[in-house]
1. Could you pull out every residue, at least 5 positions away or on a different chain, whose amide H is within less than 5 Å of the one on A123? Hs are placed 1.01 Å off N in the peptide plane, and Pro or chain starts have none.
2. Which aspartates and glutamates, if any, have their Cα less than 20 Å from the Cα of K85, not counting same-chain residues under 8 positions apart?
3. Lys and Arg at +1, Asp and Glu at -1: add these up for the other residues within a Cβ distance under 14 Å of A83 and post the number.
4. Under 30 Å between alpha carbons, and skipping anything fewer than 8 positions from K149 in its own chain: which lysines qualify?
5. Please give the direction-averaged projected area of the C-alpha convex hull for the stretch 56-150, in square nanometres with one decimal.
Amino acid sequence: MRQQPFAHFVPRSVRRRSTCRLLVLSAALAFALEGCSSFSPPPAASIDPNIYPTNYKAQLMAFLQTNAAGVTGTVSAELAAPALKPFGTESRYVACLHAAGTDWRREKMFVFYGGEINQFVDATEEACKGAPYAPFPELPAMLAQIRSKQK
């Protein structure tokens, strides 16, 4: 008769206690992980996308100081106050800008989301048609000042 090596021999009472501990730990782990399955990121604060941009001129000037592409070299500008316009399948506040250089003229629009500038793109005919433009001399003055600093 062959004997089992000592390393493989575990008394039955020890095996039962180990099995019981393993079951208790498994159950505790399952309960702990059950709560994790329902974790989800906290809901984002609900933002009204159509809040009127109250300080829009200051926002435009700050934005254009670092993102003046398309209006560099402007010698005259006109701006229409933000108005709620159809934008895609929804409505957004849109401010239209006419910018003119010595030999060019562009129409751009600022799209606002939650009262903040979200996009600065070429204007669409529907968005800026009939917009009540007013002189916007601050833009050419700011762009001239930026050009003089770069020299």
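Bear in mind that the values in this text are calculations on the coordinates, not laboratory data. A quick note: this is a predicted structure, and the numbers were derived from the prediction, not measured. A quick note on method: Cβ atoms are made from the backbone with ideal geometry, for glycine too, and the neighbour counts reach across all protein chains shown.
1. So A123 has HN proximity to E107, K108, M109.
2. Excluding near neighbours in sequence, the set is D48, E107, E116, D122, E125, E126.
3. For residues surrounding A83, the net value is +2.
4. K57, K108
5. For the Cα atoms of the stretch 56-150, the hull's average projected area reads 5.9 nm².
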